[in-house]
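Participant: Just passing along the structure, written as structure tokens.
The values are calculated or read from the model by the stated rules, or taken from the named source; none is laboratory data. All values derive from a computational prediction rather than experimental measurement. Cβ: placed from backbone, ideal geometry, glycine included. Neighbour counts: every protein chain shown.
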């Protein structure tokens, strides 16, 4: 399951662009994710330039925190 920190998301669409199964849609200022179709590849989590996405798998949360990460 993908988790989104909505209050931090700038809706840049990077996650939409990297999703290999096209399950993420950017609608105005909201991300819509078709969770049951997610293949847990984590490309959206790794591709988010500001680190607002995380993946929950087997009760564990995976997220990436790169130094100096961000759009600005």
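Participant: Which numbered condition trips up residue 17, out of (1) surrounded by fewer than 16 Cβ atoms within 10 Å (Cβ to Cβ); (2) modelled with pLDDT under 90?
Facilitator: Of the numbered conditions (1) surrounded by fewer than 16 Cβ atoms within 10 Å (Cβ to Cβ); (2) modelled with pLDDT under 90, the odd one out for residue 17 is (2).
Participant: Whether any residue in the stretch 29-52 is at pLDDT below 90 and surrounded by fewer than 10 Cβ atoms within 10 Å (Cβ to Cβ) is what I want to check.
Facilitator: Checking the stretch 29-52: at least one residue is at pLDDT below 90 and surrounded by fewer than 10 Cβ atoms within 10 Å (Cβ to Cβ).
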